[in-house]
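What follows is a short report on a single structure.
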Amino acid sequence: MKWSPRRVLLALAAVLGTGGGLVHAQCPAADVHEEDDDCASALVLTPGTYTDLTLYGNGHSGGEDADFFRVSVPSGEILTVDCLHDVSSGDIDVYFFDAASPACGGHSSGNYLVRGFTGSDDENVSWNNTTGATLDLIVEIDAWDSDSDFDCNDYELVITVAPDPCVTVVDDSFEDNDDCASAAVLAPGVHQGLFVSADEDYYRIPLAATEQLALGIQYNDSIAGLRMELYDDAACSNLIESGGWNGSDTLTATNTTGAALDVYARVYVQSGDCNNYDLDLFVQPDPCQQTGADDALEDNDDCAAATPVDPQGDAYTALFVSTADPDLFAITLNPEATLTVSCVHQSALADLDIYLYDETAVTLGLCGDPNTGAIEDSTGSGDLETVSYTHMGAAPATFYLLVDVWSGGSGADCGTYDLEFEVEGGESAVPFCFGDGSGFGGATICPCSNHPTPGVEEGCKNSMGHGALLSATGSNVVANDDLVITMAQGPPNEPSVLVQGGSLISVPFKDGILCVSAPVQMLEFVTLDASGAGSVTVPVGGAGGALPGDTLYYQQWYRDPGGVSPCGQGSNFSHGLEVRWF
């Protein structure tokens, strides 16, 4: 949507002002434009912004004192006046008069051309000069007549005189699409800067068998009100849906005929003369009509059968859910971990909601109930539902996510969606003891100035020019016994060993820093691959005899040939990992 200079000024006023209004600063001092108290003494204004204006109202000791301004409007142009004020300090109204009229200024008799008398902080009034000649208008700024307590108020005026777009604009590239027979084919996607006036716009949208569409419209309803209608016949006589209120709307249609079908969209001006607008067309197969439409994660219809999720960045796409077959997912979180789940869908086709439950809901038999028991939910009407939750318990716990079709008025009984899981904090393994001397476990630096770049968070540099990295996948739950540790950035094809320690130390040793101490165990020898990476093949917890409540430390010791290693000692260490076992 293109923004006019007036809309930009209003946006700036909303940002810089207080709640969109003005700071009440000048009263009771009169502004510099007095005396401008009637049509004869009206101050001549040109387009622009005028600040520090003051209006005295009905409750002022000197009586009501309206302000009058004269503005020249050429033929074929539109005068727009925005009167910005703090309505809580007194409501201001705006009136336009023909300066040549004997009734100029007599708004109580109704002899004005147009008026603005809302109860908002911005009276926005426009008038289109279609007389064929330049005309001078009088703009009267007055206190709301029914407010006897109005003492005074400050205000600003934003005056715009601009060509009438209905006269000067060049129509959009879809013309001539003025009736159903000449409807332009509309492709899926966003179409911006379209124009409609008395010259209506028609579009043809081809749908294959079992396809559905969602067509959204957006426009500035302060310029002109638009309507949009959908028809399913070539004569545009069978109306299937209509809308377009308040600047935006989305209409939907589904092809259930079993054959190809053309749907026609009509866009027309309902109030006003003309307007620009944008269209956003989305077309997809109707999942409710697809054979075997459900996704590969079925059957995950209750908490007992919930699909396990590794929340570290797992994303799931093109999933399917229906009113009769909800989807549930199980996520295990460590203490102090924050889970964020995003569900992306087309709400105009099927409005989906998501709910998060804890293990208490399972015990009470409430897990998966959209009406009660959820600890977090997202039930908006948009295309994105998001929940976020921080686990503050003392041990890892499992949480359950329900994806559900809104039963209160969804446009369809089923829909497709994407899920994204993200976890921050509560890591299964926390890295420490970096070669630059940072990280808990001591401030020791590498033995022969082979420390890495500060902040890189790796071990001391090896013959490859960088330090080795250590990472973990799986959980730190002893009963799961699924934690796997992997080293990367080591020398290719060299032997290494994963070392477990029960305490911390920080001393230079060989070409690196030894960070783990007694009791020490060597868990598994690993030969690094051609990229210098390798993972243990045994679950770490079981191999090291970990028990719930233990805090253990891990580090990889690897061979680095003495002739090329930085310190010439023939071996080096990765940084360390701390694991709290539950």
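None of the figures in this text is laboratory data; all of them are computed from the coordinates on show. From a predicted model like this one, the values you see are computed outputs, not experimental measurements. Note that each Cβ is placed from the backbone with ideal geometry, even for glycine, and that neighbours are counted across all protein chains shown.
Descriptive notes on the structure:
- Computed from label points 7 Å out along Cα-Cβ, the spacing between Asp179 and Thr49 is 4.9 nm.
- Within the chain, antiparallel bridges make up roughly 95 percent of the DSSP beta bridges whose residues both belong there.
- Evaluating 6.51 cos²θ - 1.76 cosθ + 1.60 at θ = phi - 60° for every residue in region 258-274, the Karplus couplings come out as x, 9, 5, 9, 9, 9, 10, 10, 10, 10, 8, 7, 8, 9, x, 10, 6 Hz, glycine and proline recorded as x.
- Computed about its Cα centre, the charge dipole of the chain is approximately 3140 debye, with only Lys, Arg, Asp and Glu carrying charge at their Cβ.
- Computed from Cα atoms, the angle from the helix 5-16 axis to the main principal axis of the chain rounds to 60 degrees.
- Across the chain: Cys residues that no other cysteine approaches within a C-beta distance under 4.7 Å: Cys83, Cys343
- Length gained on full extension, Ala443 to Thr363: 24.0 nm, using 0.36 nm per residue less the C-alpha separation.
- Charge tally for Asp481 (other residues, Cβ to Cβ under 15 Å; Lys, Arg +1; Asp, Glu -1): -3.
- As a length-normalised measure over Cα pairs under 8 Å and 6 or more apart, the relative contact order of region 299-350 settles at 41 percent.
- Here r is the Cβ-Cβ distance between Val344 and Gln521 and R0 is 41 Å; the resulting FRET efficiency, rounded to 0.05, is 0.35.
- Using the Cβ of Ser503 as centre and a radius below 14 Å, the other residues enclosed give a net charge of -2, where K and R count +1 and D and E count -1.
- Charge dipole (debye, nearest 20) of region 395-453; +1 at Cβ of Lys and Arg, -1 at Cβ of Asp and Glu: 340 debye
- Ranking Leu207, Met228, Gln284 by how far each Cα lies toward the positive end of the dipole of region 168-285 (charges on Cβ) leaves Gln284 at the top.
- For Phe434, neighbours were defined as the other residues whose beta-carbon sits under 12 Å from its Cβ, and their charges (Lys and Arg +1, Asp and Glu -1) total -2.
- Region 448-473 and region 244-283 have their alpha-carbon centroids 58 Å apart.
- Between Gln569 and Ala100, residue separation times 0.36 nm minus the direct Cα-Cα distance comes to 158.8 nm.
- Placing unit charges on each Cβ (+1 for Lys and Arg, -1 for Asp and Glu) gives the chain a dipole about its Cα centre, and among Gly216, Gly437, Val139 the Cα reaching farthest toward its positive end belongs to Gly437.
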